[in-house]
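Structure record follows, encoded as structure tokens.
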Amino acid sequence: MSERARVVLVASFLAVLTAGIGGGLTILDEWYYGLNQPWFKPPDWAFGPAWTILFGLMAWSGVLSWSAAADRPALRKQLLVLWLANALFNIGWSLLFFYMQRPDLALAEVPLLWLSVLLLILHNRGYCPKAAMLLWPYLAWVTLASAINAGVVVLN
């Protein structure tokens, strides 16, 4: 197997793993459906396709940035730390909001998730601008999700 194929396989696996854990923590039950939601929240059915696209873009970004830093081990190490932090904050938000049913704590965690995406963009833009560009939709979605989260906290 080529190096590129391994990188694609690993990035895809990690994206699916992160999405799977976060998705497994996302419980849409009576509690969730009983929440007052802000008027601008997209319909529930839109979240699955949106996250599928976003995780695909994240994996693609990871492949590009990892490949671009092939001869720079320090950049690769920083990239791994940033991706791990982002994955943990992404999963953590689902844990807090859905599993623990604590939108207030999830909202408190949002700045960490948002900052982790921004740091990935800033890290990548210097040596792999395309990888950085692929993460902008993720940052936009986290921004929207943050506003929805804040609306849930205010309305409930």
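Every number here is computed from the coordinates shown, using simple stated rules; none is lab data. It should be emphasised that the depicted structure is a prediction, and the values quoted were computed from it without experimental measurement. Positions of Cβ are backbone-derived with ideal geometry, glycine not excepted, and every protein chain shown enters the neighbour counts.
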Practice task
Would you mind classifying the range 1-50 by shape? Square roots of the alpha carbon gyration tensor eigenvalues, ordered a ≥ b ≥ c; an a/c under 1.5 is rounded, otherwise it is prolate if a/b is larger than b/c and oblate if not.
Solution key: prolate
Exercise for the section: May I ask you to sort Phe89, Phe47 by Cβ crowding, counting other Cβ atoms within 10 Å and putting the fewest first? Expected result: Phe47, Phe89
Handout entry: Directionally averaged projected area (convex hull, Cα atoms, the chain), nm²
Key = 9.0 nm²
Problem - Kirkwood Rh, angstrom, the range 56-127 [1 / mean 1/r, Cα pairs] - result: 13.0 Å
